[in-house]
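Reading through the structure tokens given below for one structure.
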Amino acid sequence: MCSEMIVEKKEIAIKENEKLEAIEIYRDKDLSYYSYNYMVKVDEKWKRYIRWDNFQKQPHVDRYDETGNLVTSEQSRDKSLKEVLELVDIFGKNLISMDISRV
Amino acid sequence: MNIRLIKKYSSVEVEGLLGDIESRYGGVDRLKQRAARNGCRDPDMVDDFKVLEALQKGAEFYYESVKQEPNVAACLTPKRVEIMNYIHSKNVSSIMDLAEDLNRDYKNVYDDLIALSKSGLINLKKDGRCRKPILIASKIVVEFG
């Protein structure tokens, strides 16, 4: 039987200069892939600073610098969009300097 | 107050998305190799690869934008809602055509489209000398609290 797949791309405004970009891919209603990107607007350009994803079935969190270069990549437990939104809502830009693999 | 704009892509739009991703990376196999090699160093490529892979297996594509701007709701006058409803149901090729179809003055329709565009509800895509209004959402949800 052919499985049902859905791709959801979401852009969620947090504050005027902060947003979360999410990609979620569902196979038969199960979340098979996600990426949640915390973005900050600097000089009219959106820059990714933190990203949670489960590429190659390995949940991890990545941190990027202002030029978009990968700074750190650490294992993390699987995160849901709801959890990530709560983190972003509570910590905002402080997330950029926090040890996020532990939160 | 949250405004949720939701759009399910038509099969034609999904084809366009697929073509766009494929042409950007020179084919699926190349994209797959590069995504596996670069991984977290190129996160957009990883996302494009996963999206492409799913769409090629027949996945449906939904776009959702969540805004916290009361201006979006304030922008929705009855005439503008009529415009959005019309664009949703018909293939409108230009602002002039839209004004004629709705039997309205061109300038008023143009002003309404600019207001809708500024609120992120439509795109005015350049198509030769015309500007084609494209609806960003097929569903708008207003959430209070």
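How about the range B:1-107: which trypsin sites (Lys or Arg not before Pro) there are in a DSSP loop, with at most 16 other Cβ atoms within 10 Å of their Cβ? Please list the in-between numbers first.
On the way: sites: B:ARG4, B:LYS7, B:LYS8, B:ARG24, B:ARG30, B:LYS32, B:ARG34, B:ARG37, B:ARG41, B:LYS50, B:LYS57, B:LYS67, B:LYS79, B:ARG80, B:LYS90, B:ARG104, B:LYS107; in loops: B:LYS57, B:LYS90, B:ARG104.
Here the sparse-neighbourhood loop sites are B:LYS57, B:LYS90, B:ARG104.
Average partner chain C-beta neighbours within 10 Å, per residue of B:8-17?
1
At 222 nm, what helix-only mean residue ellipticity would the protein assembly as shown give, in deg cm²/dmol to the nearest 500, using -39500 (n - 2.57) for each DSSP H run of four or more?
Calculated from helices alone, the mean residue ellipticity at 222 nm is -10500 deg cm²/dmol.
Given the options B:TYR25, B:TYR106, B:TYR62, which has the most mean-square fluctuation in a GNM of chain B, springs set between C-alpha atoms less than 10 angstrom apart?
Looking only at B:TYR25, B:TYR106, B:TYR62, the largest GNM fluctuation is found for B:TYR25.
List residues of the range A:60-74, by number, whose backbone nitrogen lies under 12 Å from a label position 7 Å along Cα→C-beta of A:LYS45.
Taking a point 7 Å out along Cα→Cβ of A:LYS45, the residues of the range A:60-74 whose backbone N falls under 12 Å are A:66-69.
So if we plug the beta-carbon distance of B:ASN38 and B:LYS107 into 1/(1 + (r/R0)^6) with R0 = 41 Å, what FRET efficiency do we get, rounded to 0.05?
About 0.25, to the nearest 0.05.
I need the Debye-formula profile for the range B:1-77: one equal scatterer per C-alpha, no solvent, reported as log10 I(q)/I(0) at q = 0.10, 0.24 1/Å, two decimals.
Scattering profile of the range B:1-77, log10 relative to I(0): -0.35, -1.03.
Rounded to the nearest 20 Debye, what is the dipole magnitude of the range B:69-143 about its Cα centre when Lys and Arg each give +1 and Asp and Glu each give -1 at the C-beta?
That gives a dipole near 240 debye.
In whole angstrom, note down how far apart the Cα centers of the range A:1-51 and the range B:98-142 are.
For the range A:1-51 versus the range B:98-142, the Cα centre distance is 27 Å.
Loop only per DSSP, at most 14 neighbouring Cβ atoms within 10 Å: give me the trypsin sites (Lys or Arg not before Pro) in the range A:3-103, ordered by residue number.
On the way: sites: A:LYS9, A:LYS10, A:LYS15, A:LYS19, A:ARG27, A:LYS29, A:LYS41, A:LYS45, A:LYS47, A:ARG48, A:ARG51, A:LYS57, A:ARG63, A:ARG77, A:LYS79, A:LYS82, A:LYS93, A:ARG102; in loops: A:LYS29, A:ARG77, A:LYS79.
Passing sites in the range A:3-103 are A:LYS29, A:ARG77.
Would you please classify the overall shape of the range A:63-103 from the alpha carbon gyration tensor, given that a ≥ b ≥ c denote the square roots of the eigenvalues, rounded means a/c under 1.5, and beyond that prolate means a/b larger than b/c while oblate covers the rest?
oblate
Just so you know, all these numbers are worked out from the coordinates, no wet-lab data involved. If you're wondering where the values come from, they're calculated on a predicted model, not measured in any experiment. FYI the Cβ positions are ideal-geometry reconstructions off the backbone, even for glycines, and counts take in every protein chain you see.
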